[in-house]
Amino acid sequence: MNHERLYTVILGPHVSEKSTLLSENNNQYTFKVALNATKPEIRHAVEKLFNVVVDDLQVIKVKGKTKRTARGQVRKRSDWKKAYVRLEAGHQIDFADIG
């Protein structure tokens, strides 16, 4: 995988109450990833960008919600993809240090 693709696969961390509990208890981190990203690409990108070893990886496609505007028009939010990455023991990612 080329170096530019590494930066387009992972769009950023997904911070929520559930993802915070997973990172504290299970050494598992949640990322928002590109819709066309595959599991091997995500694994390789996380290992290269954060210098860690990935133990397990789960990918979920999240369907966009349907919302109504003030005028009653129906709009649909975009679909997106989420990856749960479990790291091997002894490895961790600190997002505060990433500049």
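The values are calculated or read from the model by the stated rules, or taken from the named source; none is laboratory data. Predicted model only: the values in this text are computed from it and were never measured. So basically every Cβ, Gly included, is an ideal-geometry build from the backbone, and we count neighbours across all protein chains shown.
Among the residues of the range 12-34 satisfying the criterion of being assigned to a strand (DSSP E or B) and crowded, with 17+ Cβ neighbours inside 10 Å, which is nearest to the chain's Cα centre (by Cα)?
The selected residue is PHE31.
So, in the range 33-72, how many residues would count as being in contact with a strand residue (DSSP E or B) (Cβ under 8 Å, 6 or more places away or on another chain) and under 16 Å from ARG5 (Cβ atoms)?
Looking only at that region, the number is 11.
Looking at (1) without any contact (Cβ under 8 Å) to a residue 24 or more places away in the chain; (2) in contact with a His (Cβ under 9 Å, 6 or more places away or on another chain), which is the only condition VAL74 fails?
Only one criterion in (1) without any contact (Cβ under 8 Å) to a residue 24 or more places away in the chain; (2) in contact with a His (Cβ under 9 Å, 6 or more places away or on another chain) is unmet by VAL74, namely (2).
Just a yes or no: is a residue in the range 57-75 in contact with a helix residue (DSSP H, G or I) (Cβ under 8 Å, 6 or more places away or on another chain) and either modelled with pLDDT under 95 or closer than 17 Å to THR8 by Cα (or both)?
yes
Does at least one position in the range 64-82 carry a residue that is in contact with a Ser or Thr (Cβ under 9 Å, 6 or more places away or on another chain) and among the hydroxyl-bearing types (Ser, Thr, Tyr)?
Taking every residue of the range 64-82 in turn, none turns out to be in contact with a Ser or Thr (Cβ under 9 Å, 6 or more places away or on another chain) and among the hydroxyl-bearing types (Ser, Thr, Tyr).
Which pairs do you get when a residue that is touching a residue at least 12 places away in the same chain (Cβ under 8 Å) and on the phi > 0 side of the Ramachandran plot, found in the range 21-36, comes within reach of a residue that is surrounded by 18 or more Cβ atoms within 10 Å (Cβ to Cβ) and not charged (D, E, K, R), reach meaning Cβ atoms under 7 angstrom, with the pair 6+ apart or on two chains?
Partner pairs satisfying both residue conditions: ASN27/LEU87.
Looking only at the range 44-53, how many residues end up being without any contact (Cβ under 8 Å) to a residue 40 or more places away in the chain and either touching a Leu at 6+ places or on another chain (Cβ under 6 Å) or surrounded by fewer than 14 Cβ atoms within 10 Å (Cβ to Cβ) (or both)? Lay out the reasoning, then the answer.
Step one: of the range 44-53, the residues without any contact (Cβ under 8 Å) to a residue 40 or more places away in the chain are 46-47, 51, 53.
Retained after the next criterion (residues that are either touching a Leu at 6+ places or on another chain (Cβ under 6 Å) or surrounded by fewer than 14 Cβ atoms within 10 Å (Cβ to Cβ) (or both)): 51, 53.
Total satisfying the criteria: 2.
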